[in-house]
Amino acid sequence: MSSIPAPNLPEKPLWERFSADPRGHSGFRASDADRDCAADVVNTAFQDGRLDALEHGDRLAAVLQAKTLGEFVPLLSDIAVSGTLPKLPERVSRTRRLAVRSWVMGAVLFNVIWLATWVLSASAPYYYWPLWPMIGTAIPLVMAVLASGGHHHDGGVEGGRGPLGR
């Protein structure tokens, strides 16, 4: 299954997103913007689990081939969509939290090994090697946070918080 980018639905009711309300102006010609809006609704419904892959494909094909606004009504009327921008999916937030927790646990392990070898060797502290695996394992984590725009589901970086939401 291919990855579908999260659509940016405007903050208004479904039928007001079109150039004219498809329920009352069914004979009006659909614009590219109307088809894009309807495709965003179908994609969001698929991402929310409201449509299976086959139905998503069928509806998306019908939306993209629609000539009039009235063709959107049967394709979208049974789909419940919110009027706000979609939030970062919970599974992405959960995956990010698990990734951060895994990195922290790895960093603790590296430091415990370093500390144990230093204490057991009964010599002066030597080269701090845990720095390198910690940097190496942090790079994918930082890239993932930057790729998602640095936003966290509960305020994120732009809310005056760091990527961990603290």
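What is the distance, in nm, between label points placed 7 Å from the Cα along the Cα-to-Cβ direction at Ser123 and at Val108?
A separation of 2.9 nm, rounded to one decimal place.
Given points 7 Å out from each Cα along the Cα-Cβ axis, report the Thr95 to Met143 separation in nanometres with one decimal.
1.4
Report the far tail of the P(r) of the range 16-85, meaning the percent of Cα-Cα pairs longer than 16 Å.
The proportion of pairs with Cα distances above 16 Å equals 40 percent.
Values quoted throughout were computed directly from the atomic coordinates according to the rules given, and no laboratory measurement underlies them. Quantities reported herein were computed from a predicted structural model and do not represent experimental measurements. All Cβ positions, glycine included, derive from the backbone under ideal geometry; neighbour counts span all protein chains shown.
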